Amino acid sequence: MESSVQQIPVKLSLEEIQALLEMVENQLFRMKFIDSKMPGHKANPEKQLAATAAVNTLQEAFRKAKGFKTKGAA
């Protein structure tokens, strides 16, 4: 990511992360596969990349909190 992107630390419970993941995964699916077929849809690849990165970050945090080995784990 670019160095000008500001990161904000946030503390969430496992239940909150799980609820957010469910919602954002559904929305990301919609963004990728449903919205693109709607008349007048304007693609926004930067927004889709940012959304995908956010989902991946939440998934990684959730897996780590649940005790699963993550990509960053040695």
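Using only DSSP helix segments of four residues or longer, with each worth -39500 (n - 2.57), what per-residue ellipticity at 222 nm results for the chain after dividing by its residue count and rounding to 500?
On the way: 2 runs with 37 residues, N = 74.
Calculated mean residue ellipticity at 222 nm is -17000 deg cm²/dmol.
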Packing-based ranking, highest mean first, of 55-62, 33-40 given that Cβ atoms within 10 Å are counted:
55-62, 33-40
Cα-based helix-to-principal-axis angle, 45-65 vs the chain, degrees rounded to 10
20 degrees
Stretched fully, the stretch from Glu25 through Ile8 gains (0.36 nm per residue minus C-alpha distance, one decimal, in nm) 4.0 nm
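Roughly speaking, to the nearest percent, how much of the chain's 1.4 Å accessible area is carbon and sulfur?
Details: 3780 of 6550 Å².
In the chain, the share of accessible area belonging to carbon and sulfur is 58 percent.
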Write down the accessible area per residue of the chain in Å², having rolled a 1.4 Å probe over the full set of protein chains.
88 Å²
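Assuming a viscosity of 1.567 mPa s and a temperature of 4 °C, what translational diffusion coefficient in µm² per second does Stokes-Einstein assign to the chain, Rh being the Kirkwood radius over Cα pairs? Walk me through the intermediate numbers first.
Values: Rh = 14.1 Å.
So the translational diffusion coefficient is about 92 µm²/s.
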Protection-proxy order for peptides 43-50, 19-26, each taking the mean of Cβ atoms within 10 Å per residue, highest first
19-26, 43-50
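The values are calculated or read from the model by the stated rules, or taken from the named source; none is laboratory data. Since we're looking at a predicted model, the values are computed, not measured. Quick reminder, even Gly has a Cβ in these numbers, built from the backbone with ideal geometry, and neighbours come from all protein chains shown. Note: areas computed on protein heavy atoms with side chains; ligands, DNA, RNA excluded. Shrake-Rupley method; radii C 1.70, N 1.55, O 1.52, S 1.80 Å.
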